[in-house]
1. Which residues, counting only those in the range 141-157, are out of contact with any Pro (no Cβ under 8 Å at 6 or more places or on another chain) and assigned to a loop (DSSP other than H, G, I, E, B)?
2. Suppose we filter the range 141-174 for residues that are open to solvent by less than 10 Å² (accessible area, probe 1.4 Å), of a type in the set (A, V, I, L, M) and within 16 Å of the ligand (Cβ to nearest atom); how many remain?
3. Within the set of pairs 6 or more residues apart or between chains, which connect a residue that is touching a residue at least 40 places away in the same chain (Cβ under 8 Å) inside the range 94-110 to a residue that is more than 12 Å from the ligand (Cβ to nearest atom) and acidic (Asp, Glu) with Cβ atoms less than 7 Å apart?
4. Please return the ranges of helices (runs of 4 or more DSSP H) entirely within the range 222-311 where 2 or more residues are within 16 Å of the ligand (Cβ to nearest atom).
5. Pairs only if they're at least six apart or on different chains, beta carbon under 9 angstrom, first in the range 471-485 and open to solvent by 50 Å² or more (accessible area, probe 1.4 Å), second basic (Lys, Arg); list them, first residue then second.
6. Could you please find all residues in the range 203-221 being among the small types (Gly, Ala, Ser) and within 16 Å of the ligand (Cβ to nearest atom)?
7. So, of the residues in the range 280-304 that are open to solvent by 20 Å² or more (accessible area, probe 1.4 Å) and of a type outside the set (D, E, K, R), which turns out to be nearest to the chain's Cα centre (by Cα)?
8. Of all residues in the range 124-140, count the ones that are part of a helix (DSSP H, G or I), open to solvent by 20 Å² or more (accessible area, probe 1.4 Å) and in contact (Cβ under 8 Å) with a residue 24 or more places away in the chain.
Amino acid sequence: MQVLERIRAAENWSHKTYLAIVNDHAKRTGRLFSKTELMDGYRKLVGMGLMAPDRELEARLLRKPVRTHSGVAPVTVLTKPYDCPGECIFCPTFVRMPKSYVPDEPGAMRALQNDFDPWRQVTSRLRSFEATGHTANKVELLILGGTWSAYPRDYREWFVQRCLDAMNGVDSASLEEAQRLNEDAPYRNVGLVIETRPDAVSVREIMHLRKLGVTKVQLGIQSMDDRILALNKRGHTVEDTRRAFRLLRAAGFKIVGHWMANLYGATPESDYEDFQKVFSDPAIRPDELKIYPNSLLKETELYQYYLDGRYQPYDEATLIDLIARCKAHVPRYCRINRIFRDIPSPNIVEGNKKTNLRQLVQNYIVEHDLPRCQCLRCREVRRQKVRASELRLDILPYETDINREFFISFVTPEDKVAGFLRLSLPHSPEVVPIDEIKHAAMIREVHVYGPALGLGKDSRGEAQHRGLGARLVAEAERIAREAGYRQLAVIAAIGTRNYYRRLGFELTEFYMMKSLRPPRDNFSLINRQ
Ligand code: SF4
């Protein structure tokens with residue numbers, strides 16, 4: 001209790017302050033507390049009514065505060081080892097792993113320990129979040145492993161059902177029942193992400209993704225050049241990628257593109273040109289992007305090319321310079337999630353092995369006075385306190401070849417994003433592949449930053465509980481209504497359905513929908529219904 005009081009009262013908080021307090025306590029009592037033990041003790045004291053709940057103290061006791069800073073606890077699970085229809089020459093094959101995964105990657109190790117069982121993977125992850133003091137009531141479930149669409153449908157449905165069962169704490173008789181239970185479950189699913197190939201995306205496939213409750217799709221672009229795609233045996237073309245983006249976007253999914261540097265046949269200059277096409281091509285323009293420089297592994301066909309001199313990885317300096325220049329071209333609506341895949345360095349034969357590549361690129365940008373990256377990730381408020389009165393509404397419209405997108409955000413005076421919404425206005429009903437949403441404007445994403453908070457807890461100025469989400473939705477309604485739409489749809493994750501019900505949306509089949517009244521003083525707008 002004494003240590004907790006000292007941690008609570010300390011001014012100018014830093015990790016050094018924490019160490020000074022616990023070490024001083026250890027000197028005097030012989031007992032050195034870890035953060036996990038302190039969090040346990042704090043919770044017991046609060047439960048017994050001997051201590052008042054304190055969000056600031058909880059934040060100080062978190063082991064890795066960054067993990068849930070965007071307000072949502074990410075839970076990554078892997079599907080069982082299974083064949084992928086792809087034959088990409090850079091993709092490793094390990095016997096006990098799904099295609100493309102390396103056994104000693106952290107997520108893969110956890111999956112293996114749990115025999116790739118979805119229920120066990122989710123349960124152990126939730127336990128470890130709780131044990132380290134993180135709130136995990138809002139869960140973004142990331143399902144990884146080869147190509148999702150290549151697994152049998154009944155396996156995919158069972159897999160999602162068992163993940164939800166783990167979040168619900170009870171077993172269900174069907175996927176539909178598990179989804180219904182999750183609406184009010186202690187751990188709610190606020191996002192469901194899968195990864196697949198562009199040529200696996202079809203109307204039938206996206207209907208199935210909606211049935212499962214998927215809200216975000218990771219899609220391998222890898223290159224915007226058909227020659228490079230063919231050389232690397234990707235088995236699809238750039239036109240396949242465009243078609244997949246169109247279908248997914250029109251159906252309201254958030255799209256995370258994967259783009260690779262240093263593929264076989266590429267040069268730093270061709271990569272630089274190629275990267276720019278990801279955003280200059282109006283069919284692509286992803287919401288998020290993972291930049292994966294090719295990591296050369298022995299368990300790939302590419303390794304033979306390396307041995308016989310046909311392939312050479314870029315050195316570290318070349319790669320850093322390339323990515324630093326690429327980052328200057330990222331628009332404000334896109335989030336660069338990663339610039340290196342988390343492959344443990346002993347697996348990498350040659351080329352970059354530094355997992356802190358992102359930081360090295362940031363340093364390089366500053367040292368060489370290059371244009372700063374404007375991407376969403378570089379502008380998030382993170383754990384910073386925000387004053388609602390100081391936030392400014394920023395509306396960024398941009399075009400794709402099937403719709404007009406609005407990236408609507410609330411930004412601080414320092415241009416940091418406290419929350420944002422993605423609104424899609426399709427150019428015509430013909431571009432929308434699902435009847436249910438043919439005449440609707442679509443909210444594809446609402447995201448408000450702040451550490452993940454227990455449902456109903458007070459947040460004292462952090463972005464999540466300032467009603468920003470509702471204000472963003474109101475702004476989307478205004479824009480859609482003024483553009484002549486009479487319906488607004490949202491691709492709501494299962495665990496957010498009650499939130500949208502409170503905002504006037506109703507569940508239709510795969511989406512939630514709200515009727516929009518026409519604007520009073522403008523009768524000249526086109527009626528979209
Ligand atoms: S599609 Fe993906 S998982 Fe399949 S071989 Fe290619 S890179 Fe590997």
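The values are calculated or read from the model by the stated rules, or taken from the named source; none is laboratory data. Note that the structure is a prediction, hence the values are computed from the model and not measured. Don't worry about glycine lacking a Cβ; one is built from the backbone with ideal geometry, like all the others, and counts go over all protein chains shown. What goes into the accessible areas is simple: the full protein's heavy atoms, side chains included, and nothing from ligands, DNA or RNA. Shrake-Rupley method; radii C 1.70, N 1.55, O 1.52, S 1.80 Å.
1. Of everything in the range 141-157, those that are out of contact with any Pro (no Cβ under 8 Å at 6 or more places or on another chain) and assigned to a loop (DSSP other than H, G, I, E, B) turn out to be Tyr151, Pro152.
2. The qualifying residues number 1.
3. From the range 94-110, the pairs are Glu105/Asp342; Pro106/Asp342.
4. Working: elements: 226-231, 238-250, 268-280, 302-307.
In the range 222-311, 226-231, 238-250, 302-307 are the helices (runs of 4 or more DSSP H) which contain 2 or more residues that are within 16 Å of the ligand (Cβ to nearest atom).
5. Between residues of the range 471-485 that are open to solvent by 50 Å² or more (accessible area, probe 1.4 Å) and residues that are basic (Lys, Arg), the close pairs are Arg481/Arg517.
6. If we filter the range 203-221 for residues that are among the small types (Gly, Ala, Ser), which is where we start, we get 213, 220.
Result: Gly220, single match.
7. Here the residue is Tyr292.
8. Keep residues of the range 124-140 that are part of a helix (DSSP H, G or I), which gives 124-131.
After this cut, where a residue has to be open to solvent by 20 Å² or more (accessible area, probe 1.4 Å) as well, the list is 124-125, 127-128, 130-131.
Right, trim to in contact (Cβ under 8 Å) with a residue 24 or more places away in the chain and you get 125, 131.
The number of residues fulfilling the criteria is 2.
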